[in-house]
Amino acid sequence: WEAEKRLAKNFHADLQYLGATVISPEDSPLQTFYFEKVDSHMVGKLLAKKNIIVRTSYFCCHYYLTEADPKPPLIRASLGLQTTQEDTQAVIDTLKEIKKIG
């Protein structure tokens, strides 16, 4: 699990560097985040065009995230044992491109 935690921490830091609001703990294999000025659903669609699959929306917390602690739709990236540094770098590179047009 140490390699997965290290990968998650690096990914978390990269997301924050890009200006994402990350609501997951830094060493979590599920990184949930959003960008204030970029629609999360658009981000998900553009990532999918690069064969990067993430989830977007409010997941199982719809009421909480829309009423109790309002947030825009979220993006969730799942890191697993098979995920590599190259995989997370591809996500970060694509997010950089998206933010330019966002």
Give the carbon-plus-sulfur fraction of the accessible surface of the chain in %, rounded to a whole number; probe 1.4 Å, heavy atoms of protein chains only.
52
Which lysines does LYS96 reach when only Cα atoms under 21 Å apart count, and residues fewer than 8 places away in its own chain are ignored?
LYS9, LYS37, LYS45, LYS49, LYS50
State the dimensionless ratio Rg/Rh of the chain (Rg: radius of gyration of Cα atoms; Rh: Kirkwood radius).
0.95
Please tell me the relative contact order of segment 1-86 in percent, rounded to the nearest whole number, where contacts are Cα pairs under 8 Å and at least six residues apart.
29
Take the chain, connect every pair of alpha-carbon atoms lying under 10 Å apart with a spring to form a Gaussian network, then pick out the residue of GLU36, GLU67, GLU26 with the largest mean-square fluctuation.
GLU67
Low-density loop trypsin sites (Lys or Arg not before Pro), segment 37-100, at most 14 other Cβ within 10 Å, DSSP non-H/G/I/E/B, are LYS37, LYS50
Dipole of the chain [Lys/Arg +1, Asp/Glu -1 at C-beta], most positive-end residue of HIS12, SER78, SER57:
SER57
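State in Å² the accessible area per residue of segment 34-83; use a 1.4 Å probe, count heavy atoms of protein chains only, and round to the nearest integer. Walk me through the numbers on the way to the answer.
Numbers: 3270 Å² over 50 residues.
For segment 34-83, the solvent-accessible area averages 65 Å² per residue.
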Tabulate in residue order the Karplus-calculated ³J(HN,Hα) for segment 12-24, using 6.51 cos²θ - 1.76 cosθ + 1.60 with θ = phi - 60°, rounded to whole Hz; enter x for Gly and Pro.
4, 4, 5, 4, 5, 4, 6, x, 6, 8, 9, 9, 8
Non-local amide H neighbours of LEU79 (under 5 Å, H modeled in plane, Pro and chain starts lacking H): which ones?
LEU30, GLN31
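The values are calculated or read from the model by the stated rules, or taken from the named source; none is laboratory data. Just so it is clear, the structure is predicted and the values come from calculations on it, not from any experiment. Glycine gets a Cβ as well: all are built from the backbone with ideal geometry, and neighbour counts include every protein chain shown. Please note that ligands, DNA and RNA were not included when accessible areas were found on the heavy atoms of the full protein model with its side chains. Shrake-Rupley method; radii C 1.70, N 1.55, O 1.52, S 1.80 Å.
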